[in-house]
Amino acid sequence: MKSLSLIALAIAAVTVSLPAAAVDAKAADALVRKSKCLTCHAVDKKKDGPPYREIAAKYKGKPDAEEKLIKHVTVVSKVEVEGKEEDHEVLKTDDPAAVKNVVEWILSL
């Protein structure tokens, strides 16, 4: 009985320590390109929109980061570009997993 408890404890420890599913950077890059996100954003440099690394730093450690970014990339909202208000385009996909992958990719930078 004691050995069964130890086995269960070991399995639980391994399960808890497993990393989350890996981000598919290639798929995320393909979707942001398809959605024309790179027109206003880049990974490292400022364009009309903030760089993805700056976004990742802004949300680092915030528990609602993923939820906020998912909403930002799936719901049309207003953003200021060169002093005028424009619609922020959304990702061109209906696949929630693809959206989540893009957001996780941004947050991983």
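The values are calculated or read from the model by the stated rules, or taken from the named source; none is laboratory data. Since this is a predicted model, take the numbers as computed values, not measurements. Quick reminder, even Gly has a Cβ in these numbers, built from the backbone with ideal geometry, and neighbours come from all protein chains shown.
Taken as a whole, the structure leaves residue 49 outside the set of residues that are of a type outside the set (Asp, Glu) and on the phi > 0 side of the Ramachandran plot. If the condition is being in contact with an Asp or Glu (Cβ under 9 Å, 6 or more places away or on another chain) and either part of a helix (DSSP H, G or I) or at positive phi (or both), then segment 74-95 contributes only 82.
Among the residues that make up segment 12-20, is at least one of them in a loop (DSSP other than H, G, I, E, B) and modelled with pLDDT of 95 or more? No, every residue in segment 12-20 fails to be in a loop (DSSP other than H, G, I, E, B) and modelled with pLDDT of 95 or more.
Taken together, the residues in segment 82-109 that are more than 8 Å from the chain's Cα centre (by Cα), closer than 16 Å to residue 38 by Cβ and of a type in the set (A, V, I, L, M, F, W, C) amount to 3. When residue 7 is tested against (1) part of a helix (DSSP H, G or I); (2) surrounded by 15 or more Cβ atoms within 10 Å (Cβ to Cβ); (3) modelled with pLDDT under 95, exactly one condition is not met: (2). Please go through segment 44-55 and pick out each residue that is free of Cβ contacts under 8 Å to residues at least 24 places away in the same chain and in a helix (DSSP H, G or I). Answer for segment 44-55, where residues must be free of Cβ contacts under 8 Å to residues at least 24 places away in the same chain and in a helix (DSSP H, G or I): just 54.
Screening the candidates 92, 78, 100 for the property of being modelled with pLDDT of 95 or more, exposed (fewer than 14 other Cβ atoms within 10 Å of the Cβ) and among the charged types (D, E, K, R) yields one hit, 92. Of the residues that sit in segment 82-109 and are of a type in the set (Asp, Glu) and in contact (Cβ under 8 Å) with a residue 12 or more places away in the chain, which one is farthest from residue 30 (Cα to Cα)? Once the filter is applied, the top-ranked residue is 82.
State whether one or more residues within segment 36-43 are touching a residue at least 24 places away in the same chain (Cβ under 8 Å), out of contact with any Lys or Arg (no Cβ under 6 Å at 6 or more places or on another chain) and exposed (fewer than 13 other Cβ atoms within 10 Å of the Cβ). Within segment 36-43, one or more residues are touching a residue at least 24 places away in the same chain (Cβ under 8 Å), out of contact with any Lys or Arg (no Cβ under 6 Å at 6 or more places or on another chain) and exposed (fewer than 13 other Cβ atoms within 10 Å of the Cβ). A search for C-beta distances below 7 Å between a residue of segment 56-81 that is within 20 Å of residue 92 (Cβ to Cβ) and any residue that is part of a loop (DSSP other than H, G, I, E, B) and charged (D, E, K, R), counting only pairs 6+ apart in sequence or on different chains, returns 81/48. In the set 24, 29, 48, 64, only one residue is acidic (Asp, Glu) and modelled with pLDDT under 95; that residue is 48.
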